[in-house]
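Asks: Mind having a look at this structure? Questions to follow.
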Amino acid sequence: MADIRILSDDSIAALRRDHERLRYELLQTRTQLRAFTAAGSDRGLKPVCVFSLSAALSTSDATQGGTIIEQYGPGREHSDTTITVANPPKPGGAYLFYGASGAHGVAFWDPATEHWLIFQLYRECPEA
C-alpha cells in the first residue's frame, strides 16, 4: 500500500512561497512581452519574427547571427533580414537557448536595445 505523506507547516509555507514567486515571474514576463509588442508597434516595425540561425548557438553565447524567414504583427517589415539574435541569460551566468546552425526560432524585436530577443528555439526540426 502507498505511504501517505503529511506535509509540515514549513513545507506548505515553502510551497506557497514558490507558487507566489512563479506567479510573479509569469506576470513580469507577460508585462515584458506586452511592452516589446507595443514598442515594436509604436516604431512602426513588425515586433515578431521567425528566424533561422546562421551558426550554432550554445549556452555560452550571448548573441548569434541569423536570417529572418517571416515577420508578424502590425507595422512595416524590417528591411534588413540579416539579424543578430540575443540569447536571454539565466541565473548562474549561462544563457537559455542552444541549437545547431539552421535551427529555427521565434524572436521579439526590442526597440530599446535594437536587438531581436529569442523567445523560442526549435532544436528538434532544424530544417523547414
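The values are calculated or read from the model by the stated rules, or taken from the named source; none is laboratory data. What you see is a predicted model, and the numbers here were worked out from it, not measured in a lab. All Cβ positions, glycine included, derive from the backbone under ideal geometry; neighbour counts span all protein chains shown.
Asks: Output yes when any residue across the range 65-76 is at pLDDT below 90 and among the small types (Gly, Ala, Ser), and no when none is.
Replies: yes
Asks: Another question, if that's okay. Mind checking which residues of the range 68-80 are among the polar types (S, T, N, Q) and surrounded by 14 or more Cβ atoms within 10 Å (Cβ to Cβ)?
Replies: The one that is among the polar types (S, T, N, Q) and surrounded by 14 or more Cβ atoms within 10 Å (Cβ to Cβ): Gln71.
Asks: Which residue is surrounded by the most Cβ atoms within 10 Å (Cβ to Cβ), if the candidates are limited to the range 102-115 and must be part of a loop (DSSP other than H, G, I, E, B) and in contact (Cβ under 8 Å) with a residue 40 or more places away in the chain?
Replies: Step by step, filter the range 102-115, then rank; the result is Ala103.
Asks: So, one more: Need the failing condition index for Ser52 against (1) touching a residue at least 40 places away in the same chain (Cβ under 8 Å); (2) assigned to a loop (DSSP other than H, G, I, E, B); (3) over 14 Å from the mean Cα position of the chain (by Cα), just the number.
Replies: Looking at each condition in turn, Ser52 falls short on (2).
Asks: Give the residues of the range 1-49 that are among the basic types (Lys, Arg), surrounded by 11 or more Cβ atoms within 10 Å (Cβ to Cβ) and at pLDDT 75 or above, sorted by residue number.
Replies: Lys46
Asks: Also: Would you say Gly99 is touching a Lys or Arg at 6+ places or on another chain (Cβ under 6 Å), in contact (Cβ under 8 Å) with a residue 12 or more places away in the chain and farther than 21 Å from Leu33 by Cβ?
Replies: It is true that Gly99 is touching a Lys or Arg at 6+ places or on another chain (Cβ under 6 Å), in contact (Cβ under 8 Å) with a residue 12 or more places away in the chain and farther than 21 Å from Leu33 by Cβ.
Asks: Mind listing just one residue for me: the one in the range 69-94 that is assigned to a strand (DSSP E or B) and farther than 18 Å from Ser54 by Cα and, of those, nearest to the chain's Cα centre (by Cα)?
Replies: Applying the filter and picking the extreme gives Pro89.
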